[in-house]
Structure formats: structure tokens, C-alpha cells
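Just below is one structure, and these are the notes that go with it.
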Protein chains: 2
Amino acid sequence: MSLTESTPEAAARAASIAARTLAVLPVSDRNEALTAMHDALLANKQAILAANARDMTLATQASQSGHLSQSVLKRLDLSRPGKYDDMLSGILDVRRLDDPIGKIDLRTRLDDGLELERVSCPIGVLLIIFEARPEVIANIAALAIKSGNAAILKGGKESSNSFETIATVIGTALEATKVPNAAVQLVKTRDVIDQLLGLDRYIDLVIPRGGNELVRYVKDHTKIPVLGHADGLCSVYLHRDADRDVAVKVVVDAKCDYPAACNAAETLLVHEDVLRTVLPAVAEALLAKGVSLRCDEKSKAALKESLAPSSAVLVQDATEEDFNTEFLDLVMAVKTVPGYPSASQSTTNGDSGSVSGDDTSLELAIAHINTHGSKHTDCIVTASSAAAEKFMSAVDSAGVYWNASTRFADGMRYGFGTEVGISTNKIHSRGPVGLEGLTIYKYKLRGHGQTAAEYGEGKGKRRYKHEKLAP
Amino acid sequence: MSLTESTPEAAARAASIAARTLAVLPVSDRNEALTAMHDALLANKQAILAANARDMTLATQASQSGHLSQSVLKRLDLSRPGKYDDMLSGILDVRRLDDPIGKIDLRTRLDDGLELERVSCPIGVLLIIFEARPEVIANIAALAIKSGNAAILKGGKESSNSFETIATVIGTALEATKVPNAAVQLVKTRDVIDQLLGLDRYIDLVIPRGGNELVRYVKDHTKIPVLGHADGLCSVYLHRDADRDVAVKVVVDAKCDYPAACNAAETLLVHEDVLRTVLPAVAEALLAKGVSLRCDEKSKAALKESLAPSSAVLVQDATEEDFNTEFLDLVMAVKTVPGYPSASQSTTNGDSGSVSGDDTSLELAIAHINTHGSKHTDCIVTASSAAAEKFMSAVDSAGVYWNASTRFADGMRYGFGTEVGISTNKIHSRGPVGLEGLTIYKYKLRGHGQTAAEYGEGKGKRRYKHEKLAP
């Protein structure tokens, strides 16, 4: 890693050349670089914490004068118990992951002695813009090296001292390894971002991590593909046959486990038939956690009837805008999904399969989510597998859940070992993105002098065999 | 399909709603729509050819007055032998392909009763801009429907009459199927393109098919991801140990089989040691096909010695710009790759493994391609598997070939059954893109009321199982 002082263009060109060396390094060399990084960060803990303390002093002053939020201050502090060790063990976790490079997922015999294979390879050069969290630089450097990608890093300015010290420590450690110095570069000043975003000739992918303002800015100012999410407007829909206990557990966790997270739920959709059966229990549990509810008319009326007057005070009227808002706070919008007479209700036998009336309600819930949501993660609470499967097929989101909290949308929880970010893109990678999302593939064709002109339908032409081979 | 008269925004919004219906149609319904399309195009052949004849009349006039090239005229003509039948059988070919939707490629038990799966699904709404080739509209409509994607189509203006008639025929046929009318829409006027390119709210992917001017224009005017290639600057490198016959076959096919194609070779790199052994045979074969050679100093000197004076006339001096040019014509740039004394040459035993001097030449060839090429398809001709493997690993192109013509870079030839286009992107899809490239995935999580807060490292917390299950 180097702390680059060169122009953005020179830095990006150097990264692009380093990427070619890194791309062909065997995994043993890439893993050795991670070991070197880990050991150097361990050996230089005091110097790094001292640099972090300088950042903290400045940030505390800024916070006291009201120029910096408490949450930024908290994220900045690398001396909090366990944080430094987590950073170190994170590097070893990445080292342990399977090599994402060189995986063959398609092999075809086009003809005798003419074999095609598709093999995973690094994307090239990543530009990663992230918040003022000092440990993230080590995590991202590890991910980039493991996946064979060069990376240009730009972190939040409040961490400047920490970043510079960490970059120097890592840079020195990498010098003894096969990873080229320009493979991971830290840029310092914010004003270089616009120039870097213009370098689509050298940079293959931008990953902005941070608030939606940053992500929107990046998307609006570059032709380079952007991986990430601007919004996380997740919804939970309580269907007609939602189990009350499941509904309470899922909604409370989805809203309250970490309200500032992108996978926290913001909207609660409630089937009309359960306004007075399931919703009150859910609302009571949310109110007990301090959540304000912004309700449409029907749900508000139902809650006014069932809640104690002291609780009902926290129930407010929703505006249309509330259903388009990512609150990132203890606030939840509640909307009623109209119920319809169910064709089979007169002959119901306890079967929880879908019926025509319920289908209409389900479709309205799905349409609401597809229109107002952010294609991140959405959940249905229902006892009906038919309703759940329909919801999961028709909701156009990266994560579609049945009776489980939206908070599970996370690379660690999915078992990916680590996470680059969560993508609401419609191409390449969707949902939590692990190492695999930092790879692409190439086609290798091995022949013996074959020409395309030899093959065809006509007389005397060879025919393709197109035999699938085991990868 | 509908021939839309609405505003671009209304058309895109309608496509986005239709996409949701199309996305959940079973493959039987999608295949039935293809059958209906096929039958209607067969039944209305005369009307369609009559419309095409009107396009041909106008285009012939434009061609005679010098406003239209012969090649556009040729592509426009749907009455050429076999062309109509090819269009019809193309639809049946797509129908026969495996359903790309609903494929599960990852299943993980996060915990008992909490299972994650990753399943392929359509991307959403495609905007496809293509040249004046009437049969392409049927092909693309078939691909979009099969992959469950809605599509907005804009074809070259010279085909207007053909397109409108085909769109009406297909639209009428689809009315009797489950595919919504707005799922495939044809827009007519060119001036709507800019507006459509601004509708990233509704359109998920743009696929421009046509010249690099069009592709560049599209890339410069949209935030929507673009799938395709602006350039196809492919190279063939003749290594020190290239077999002469293989070199002749591969280079002649790569250059001459179809010079206007994106997978035709434009640059020939020649190891210094074979300038007087392999190159003359290759050059003679190329010259016999009418190819002009633009040579650097060393290769030109070698050819002047070995070629007959009458042939040598076609050997010209290369400029630096020639090595950055996609000629799309019977022109090829020739560059010498310096040879170095090979460490093992004194003790050579016929083994064709790589040696240090050759490594340097190989690296120079690779560096030339990575710097001047367009990351499309590049080939090495060599007897050495070590050199070939190094070339294929280090050249950063969608296709990397050993002893095979670059012309094999094609979806049909790869056995994909059909092709949406060839991508030189570094994310999502690379190389020839088949139906698979029109899909993405979503994560489905099925639980029983689990919450993220239940899991963790602390006491009393549940641990994730992360058991891999067979997909």
C-alpha cells in the first residue's frame, strides 16, 4: 500500500498496471501479503492508536462545538474494547476464505481439440470511498488483495491521522511481499474524488460505502459502474393469516435491532383482517421500544380502539411521504392493505393455501413494495406457503423473506465470511456482496489451429459438438 | 408487443409494470408466447415482405444518391434467400433453450428452520437499440420474453416499415397469450432515445447493438448500465515457437473470415525470431486475400527480403495510430516483439516450456495487448503450453485464445444457442452474452420468526450453522 501524493490520473494508471501483476499472483502470495499486513498492524498497534487518539482529539472538539455527530465520534474510536482485535482477526478471516479466482464454472468441447472454459478473474481496479472508520481500511485492503483487485481508497477525513499511519504500516509490510506497492493506494484529499470518478479508462468499479447522499453523488458523477445502495427502504407485510407471535418477533427485530442500518424495516403493511388481532400486539411491542408509528386512517382507528390512551399518543397520522421515507430511526410507517371477501372463506377447512380474495390483497402489498421500496430486503409474515412463494417471486428486491427479520440481510449472516457492501443494483451483484462480487470471468479457448470458417451448415463444413464437460 | 405512441416516460413506466407480470410467468407461458410469435410471423410473411420492399425502395434510392452504404442495404433486405426462415427458426431455437429463470445456485442452512437460497430472476426492463436489420426485432423480442424481461426496442430508421409491420403482427399474436402487451414495445422516432436514456428509474439495462459511435453515444448519455462493446480491437501474437501452419490458418481466418466483425483481428504481433520463418507465410496468405499490411520497421524489412516485389507493394509503414485502430477492413497492423537471448537456448532439448528470455518477449506482447486492445478477444499462437497459459492468465480480455481464431468469440459458436451481444464490460457479463446475461438473482430466506438479535457470540446467543446444502 502506498499513501499516494501523485495526481489522480497517475495513481489510477499505476493501479491499473499493478492490477495486472496482482491478477496473476497465486493465492499463496496473496495470502502471504495478508499475513504480513496482519503482523505489521499487530506490531504497530501503539503507533496506530496514538494516531487515532489525535483524530479523536480533533473530532471531540468538533463534536463539542456541534460540528460532528456522536455516532461519527463513536465509529472513529479505534481504542474501544475489542475493536482493534476485530480488525486484526478480520484480516485472518479473509485469508481463510476460499480463493475466488481461477474457479471454472463452464467447460464445453466445441469440437475435438477445441475446448472452451470460463474462469473467474479479478475485475481490475476498484475505487472505494468509505466513512471515517479506521478499521475499514485494513478490511478493504484485505478484500482487494485476496480477490486480486487493485484498489484506490478514500476514507472519511476525520480519520486522516489513523488512515495515514495504517497505510504506512501496511505499505511497509507489503514491500516484503509479491503484491506491488501501487496495488493498494490511499488518497488523502477529498477534492480528488471528482477527478477519480472521471477516470473510467483505468477504474473498473466504484464502491461507495456510507450515507445515501454520498452514494447518490457518486452515481451522478461517474460513468464507472457503481456497486452499492443509496437507500434501504425495507418493508414487512403482515398477511391475513400472519401468526401473532411471529409478527411481533420479526417486526420488532426488523425495526429496533439497529434502526440506523440499511436493512432495518421502515414500513409495516397490514392486511385489513388483522388490524385488530395481530397489529395491536405488534404496535404495543414497538411502542414499548420507543418507536413512533405513523399510521394511515384505518390502522390508526384500530390502534386507538385497542391501545391504552397513554400508548396511543405515540400513534400519529402518516403522510404519503412517510411511505417513501427511510427513517433510519425509531419511526415506522403503517399502511393498511384492503381485505376482500375470500372465495373459499365460506368453505374454509383450515387450509392456508391462497384464495382469490387474498390474492388481491397480496398483489396490492407486492405492488406497494415494488413502487415505494428500494429493492433492498422485504418480508412477508404469513402461515401460507403459497402466499409466501408468490410474495418472494413477485417482489423485486435483492432479499425476499418469509417469516424472518430483514436484519438478516448481511454478508456475515449469509455465511459469506465478509461483506464488501449491500447492492441494490439490478446487474452483476445483488444483496450482500462478498468476495465473489469482486470477480468477473474470462473465456479461455484452447485449440490446434482451428478456424471459424471451417464450421457451418454447408457441405464439407465441420459441425460444432458443444459437449458439456464437468467444470 | 405494442408500437408505442406514448411518451418515453409512459412507455418505460408501462414496461416496468409489465415486467413484474412477465417475471412471474411460468416458462410454459413464456414459451407459448414464442410459439404464437413464430406462427404469426409465418402466417404474415407476405405482408411483412411487402413492408420490407417499401423500405428497400427508399433505401435503394438513398444508396443510389450516395446517402446509404451497400452493407446497410444488404442487411435491410429480408427477402434474401433463407433470411426469413432463419428469423423463424431463431425463435424456435430460443424456445428450446433451458429456462434461465428460477435456477438455484446457492442454498445455505443459516440455522434449523432458516434457509437461504439464491435464485436467478429477470433483470427487469431492457432498452435495446439496434441497427436496421428487420429480423433482429423478432430475435430480441424472443430473447426478452424467454428471459422474463420487458424490453423497449428502437431499431434503425431505414427498417421503419418492416419494424412496424412486424411489431403489429407480433403484438396481435401476443394478445392471445399471457405476456402483457407492454412487455415488448417498439419506439419509432430517434429523438426519444435521449429521453429513454434518462429514465434510469424504470430502465435497468441498455443494450446498444451497432457501430462504436452508437455505443459511445449511449455510454456518454446515460446512468443506466450499458451492456456491449464500443470496440473490437483483437490481436494475434505469434510467439517464438509458433507453428507456421497454425499461424497461417489462425491469422487468415481471424482477419479475413469477416473483416467487419468485432471479433476480427486488427493487430498482428510477431516475435522477432519468427520474422523470417513464420511471418512471410502468414503475410503471403494475407496478401493473397487482399489484405494490406501496415508494418513496423523490422517486420517490413523482413517481408521486403522474403516477398516477391509485386506483393511487397502491399506492405506499408505503420503509424503509431495503426496499433490503436479497429480497421474493420482488409487492413492489418504488424508489430515486432523484441526477442531476447533465452537462458536455456544453449541447453535446449526441444522442450517448449517458457524460459526467461521468452518470458520478457511474452510480457511485452501481453503489455501491448493490455494497453492497445479493447479487452475483447486476443490470441497467442505457440507450441508452449506454459507460454499459452501465462498469456491467457495475464491478458485482460473477455476471450483469451491459444491456437484458435478470434472469430470463435460468438454466442452460437460457444454453444449458448443465441447471443444478445458481446460485452467488453468488466462487470456482470463478459464476452458473448446469452440468455444468462439477461438474468440476475435474488436471495430468498424462509424462516419461522427468527430475529437477528437472537444470534451472536455472547452468552445465550444462537450460533449460525451456515451449512451448505445442495442447490
With label points set 7 Å from each Cα along the Cα-to-Cβ direction at A:Thr21 and B:His466, the distance between them in nm comes to 3.2 nm
For A:Ile123, the residues 5 or more places away or on another chain with a placed amide H closer than 5 Å to its own amide H are A:Ile440
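What range in chain B is the longest one free of GluC sites (Glu not before Pro) that are in a loop by DSSP and have at most 15 other Cβ atoms within 10 angstrom? Could the numbers behind the result be given before it?
Numbers: sites that count: B:Glu5, B:Glu457.
Longest run free of exposed loop sites: B:6-456.
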Output row, site A:Asn181, 7 Å Cα→C-beta label point, backbone N cut-off 14 Å, window the range A:10-38, residues A:11, A:14-15, A:18
Note to self: with every protein chain in place and a 1.4 Å probe, the protein assembly as shown gives an accessible area per residue in Å² of 39 Å²
homo-copy label distances at B:Asp39 (7 angstrom along Cα-Cβ), nm, one dp, ascending, are 7.3
Longest principal axis of chain B (C-alpha) makes with the long axis of helix B:279-288 (C-alpha) an angle, in degrees to the nearest 10, of 60 degrees
In the B-onto-A rotation, chain B's nearest residue to the axis by C-beta, with distance in whole Å, turns out to be B:His428, 2
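May I ask you to derive the relative contact order of chain B, considering only C-alpha pairs under 8 Å and at least 6 residues apart, and to give it as an integer percent?
Values: 947 pairs, mean separation 88.7, N = 471.
Worked out over chain B, it gives 19 percent.
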Classified through the alpha carbon gyration tensor (a ≥ b ≥ c as square roots of its eigenvalues; rounded if a/c is under 1.5, else prolate when a/b is larger than b/c, else oblate), the range B:2-220 comes out prolate
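If you keep only loop residues by DSSP, which trypsin sites (Lys or Arg not before Pro) in the range A:119-182 have at most 15 other Cβ atoms within 10 Å of their Cβ? Display every interim value, and only then the final one.
On the way: sites: A:Lys146, A:Lys154, A:Lys157, A:Lys178; in loops: A:Lys178.
The qualifying sites are A:Lys178.
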Plugging the Cβ-Cβ distance of A:Arg107 and A:Gln316 into 1/(1 + (r/R0)^6) at R0 = 45 Å yields, to the nearest 0.05, a FRET efficiency of 0.15
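Beyond 56 Å, what percent of the Cα pairs of the protein assembly as shown remain?
Working: 73494 of 443211 pairs.
So the pairs more than 56 Å apart make up 17 percent of the total in the protein assembly as shown.
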With a 1.4 angstrom probe the carbon and sulfur portion of accessible area for the range B:185-277, in percent, totals 46 percent
In degrees rounded to 10, the 0-90 angle between helix A:134-146 Cα long axis and the longest Cα principal axis of chain A is 60 degrees
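Work out the FRET efficiency for A:Glu305 and A:Thr189 from their Cβ-Cβ distance, taking R0 = 60 Å, and round it to the nearest 0.05. List each step's numbers first, then the result.
Details: r = 59 Å, r/R0 = 0.98.
So the FRET efficiency works out to roughly 0.55.
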Note: B:389-402 gets an average of partner chain Cβ contacts (10 Å, Cβ to Cβ) equal to 5
If one compares the long axis through the Cα atoms of helix A:27-43 with the longest principal axis of the Cα atoms of chain A, the angle in degrees, nearest 10, works out at 80 degrees
For the range B:361-370, Karplus-derived ³J(HN,Hα) couplings (6.51, -1.76, 1.60; θ = phi - 60°; whole Hz; x for glycine and proline) come out as 4, 4, 5, 5, 5, 4, 4, 4, 5, 5
Sorting from shortest, the nanometre distances separating the label point of A:Arg201 (7 Å past Cα along the line to Cβ) from those of the same residue in the other copies are 3.6
iface A-B | buried accessible area, total | probe 1.4 Å | Å², round 100 | 6100 Å²
homo-copy label distances at A:Ala383 (7 angstrom along Cα-Cβ), nm, one dp, ascending, are 7.7
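The values are calculated or read from the model by the stated rules, or taken from the named source; none is laboratory data. Every value quoted in this text rests on a predicted model; they were computed, and no experiment measured them. Using ideal geometry, Cβ is built from the backbone for each residue, glycine included, and neighbour counts are taken over all protein chains shown. The accessibility values were calculated without ligands, DNA or RNA, using every heavy atom of the protein model including side chains. Shrake-Rupley method; radii C 1.70, N 1.55, O 1.52, S 1.80 Å.
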